[in-house]
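Here the structure is laid out as structure tokens; the discussion comes afterwards.
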Amino acid sequence: MYYPAVLAGAGAANAPYTGRVTRGGRVLGEIEEYFLEMLAPGDTFLFGGEILALVGIVENEAHVARARSDAPKVPSYAGGKFPLSTYLAARVRRILSAPESWKELPAQVAEWLKLQQQKSLLPPFDKLLVETFPRGGKFYLVAYPFEGRLAHQTLGMLLTRRMERMGLKPQGFVANEYALAVWALADVGARAQKGLYSMAALFDEDMLGDDLEEWLQESALMKRTFRNCAIISGLIERRFPGKEKTGRQVTISTDLVYDVLRRHEPGHILLRAAREDATTGLLDLARLADMLTRVRGKIAHKHLERISPLAVPVMLEIGREPVYGEAQDAILAEAAGSLVEEAMGGAMGGT
């Protein structure tokens, strides 16, 4: 489902986000509900050539305001969630951890992995590699679970909640099929080295307990899955002859029922069904749980002075602004060249 993005008030271009909700603005376009579920009020993202901040979701409208941000998110769509199979993920981890198998890879890929081996560590087959490094006035934590984008996004949501409680001041995260990158204001690597917190505790599987429940209750994800359950069960009749309901009417009705059931009958079968749907079809919790169990007590932490070669792909996704055509290719190539040169420690610039 797509939600209209409604500008909350007139708002001058590039005006700072104030958090004030103003109804009745003009419609800027439509955003997929899946992407909005990943945002919290105040989060910024790129849309229609502007930087917008989410003010809130009212019924089936996303109210936004113009804002300023150095690292806005880029809208994603459900069609881009194709999963990485467990078999392929295991095979990739095995190849990366076995340099003798690199002769079968393209020369550029083998050279890239050799640089990773020199500058940092290769992801061990039976461990989780976590790299930390400073860049651009922020501090980054990059993990390589190799479990697919959906599992990584779920991990990012839970991990940033835990980091917030630890005082690490996370600002956001981005995930691809192979890695997860979190950026924060606190020096996460230096604090781990000083023993102020442990990486093992940060990635402990107990995050699937209270952290998950708290996040689910606060997110719009449960309302979305409950709406589907309510329609399928017949609780909400959408196409009764002569009384057909619009998508907006269905959303309002199911949201009201969801709030009442949560308050007065939290064990209702439809709430249980919605939670099961969310944990299996939308969050990939089973795969994340398997990964956390697999790496329990097996965290390989490498604190670096600069970005590593293996972190370059996921770092390119942070704050990337869409520019179409040749200009986009030139900008991405320049950004990629800069990151690769930095990862190689200036080796390219000296040759």
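Where Lys and Arg each count +1 and Asp and Glu each count -1, what net charge lies around Ile307 among other residues with Cβ under 13 Å from its Cβ?
Working: positive: Lys119, Arg135, Lys138, Lys302, Arg306; negative: Glu131, Glu305, Glu341, Glu342.
In short, +1.
Amide H to amide H under 5 Å from Ile31: which residues, 5+ apart in sequence or cross-chain, H placed 1.01 Å off N in plane?
So Ile31 has HN proximity to Tyr3, Ala5.
Can you list the HN-Hα couplings for the range 304-313, worked out from phi with the Karplus curve (6.51, -1.76, 1.60; θ = phi - 60°), rounded to whole Hz and with x for Gly and Pro?
Along the range 304-313, the couplings run 10, 8, 8, 4, 8, x, 5, 7, 4, x Hz.
Excluding Phe139 itself, calculate the net charge of residues whose Cβ lies under 10 Å from the Cβ of Phe139, where each Lys or Arg counts +1 and each Asp or Glu counts -1. Present the calculation step by step, with values, prior to reporting the outcome.
On the way: positive: Arg135, Lys138, Lys169, Arg191; negative: Asp187.
It works out to a net charge of +3.
All other residues with a Cβ under 13 Å from the Cβ of Ala110 taken together, and with Lys, Arg as +1 and Asp, Glu as -1, what is their net charge?
Counting the neighbours of Ala110, the net charge comes to -1.
Test of understanding: extend the Cα→C-beta vector of Asp206 to 7 Å, then name every residue of the range 141-165 with backbone N under 17 Å from that spot.
Residues passing the 17 Å test: 158-165.
What ³J(HN,Hα) values, in whole Hz, does the Karplus curve 6.51 cos²θ - 1.76 cosθ + 1.60 give for the range 120-131 when θ = phi - 60°, with x put for Gly and Pro?
8, 10, 8, x, x, 5, 9, 10, 9, 7, 10, 10
Considering amide H positions built from the backbone, and no H for Pro or chain starts, which residues 5 or more places from Ala300, or on another chain, come under 5 Å of its amide H?
For Ala300, whose amide H was placed from the backbone, the distant partners under 5 Å are Leu128, Leu129, Val130.
Amide H of Arg135: which non-local residues (sequence gap of 5 or more, or other chain) have their own amide H closer than 5 Å, using H built in the peptide plane?
Long-range HN contacts for Arg135: Tyr140.
What are the ³J(HN,Hα) couplings of the range 182-194, residue after residue, when phi is run through the Karplus curve with 6.51, -1.76, 1.60 and θ = phi - 60°? Round to Hz, x for glycine and proline.
10, 10, 9, 8, 8, 7, 5, x, 5, 5, 5, 5, 7
Every read-out reported here was derived from the displayed coordinates using simple, explicitly stated rules and does not represent laboratory data. Worth saying up front: this structure is predicted, and the values here are computed from it rather than measured. A quick note on method: Cβ atoms are made from the backbone with ideal geometry, for glycine too, and the neighbour counts reach across all protein chains shown.
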